[in-house]
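See below for the structure under consideration.
Please treat every number below as a calculation from the coordinates, not as lab data. Just so it is clear, the model here is predicted, and its values are computed rather than measured. Backbone-built Cβ (ideal geometry, glycine too); neighbour counts: all protein chains shown.
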Amino acid sequence: MLRFRIRGAIWSLEFSTEVAAQLASFAQRGWRSREAVGQLYSSDLTAEPIRVDRVTRLTPSWAGYSGVKLNIASVNHERQEMHKQGFHCLGFWHSHPESRPKPSHEDVQMAAEHARASKREFEGLVFAIVGTDPFPLGLGIWVHDGDAMWRAEHEVREVSHEMLQQK
């Protein structure tokens, strides 16, 4: 399980081992690979931590080694279908061909546009980037509130004495 938190925030974002493995499977391998893109969903936006319950993969309008363009009609259709199933969109993920990903200028711009457009639905858009390093180093998490983008840091959970004895 991976958990991320923005410094000072009262909430955190959690990825189960299965969801993290699914995201990791989208990492780019080799110079011929293309960026992949999808959305993140939760069944409960009021929980603490907020769990990412579903990860989807979208068919982009265009994808290259270091760039991807969303198909907005596909994005909206998927959100409507997932909402019917009780899931709420948290934001987007996409891959980068770098080991420890960070958002490009275009990424920040796109996140800001979508955060401002979705202001009525949620307070911030989760923006995840899958790099080539193993997680958690290879998974970057940010939240854009429409004005600024905030990096979420991986929370290292302490292993208790009882947990060590169970192994």
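Taking T132, T59, T46 in turn, the Gaussian network model of the chain (Cα-Cα springs below 10 Å) assigns the largest fluctuation to T46.
Straightening the chain between I10 and W31 buys 3.6 nm, computed as 0.36 nm per residue apart minus the Cα-Cα spacing. Relative to the current alpha-carbon distance between V108 and M1, full extension at 0.36 nm per residue lengthens the span by 35.9 nm.
Rounding to the nearest 20 debye, state how big the charge dipole of region 2-166 is about its Cα centre with +1 on each Lys and Arg Cβ and -1 on each Asp and Glu Cβ.
Magnitude of the dipole: close to 440 debye.
Length gained on full extension, Q80 to E18, computed as 0.36 nm times the residue gap minus the Cα-Cα distance: 19.9 nm. Computed from label points 7 Å out along Cα-Cβ, the spacing between S61 and E98 is 2.5 nm. The Rg/Rh ratio for region 2-166, using Cα coordinates for both the radius of gyration and the Kirkwood hydrodynamic radius, is 0.96.
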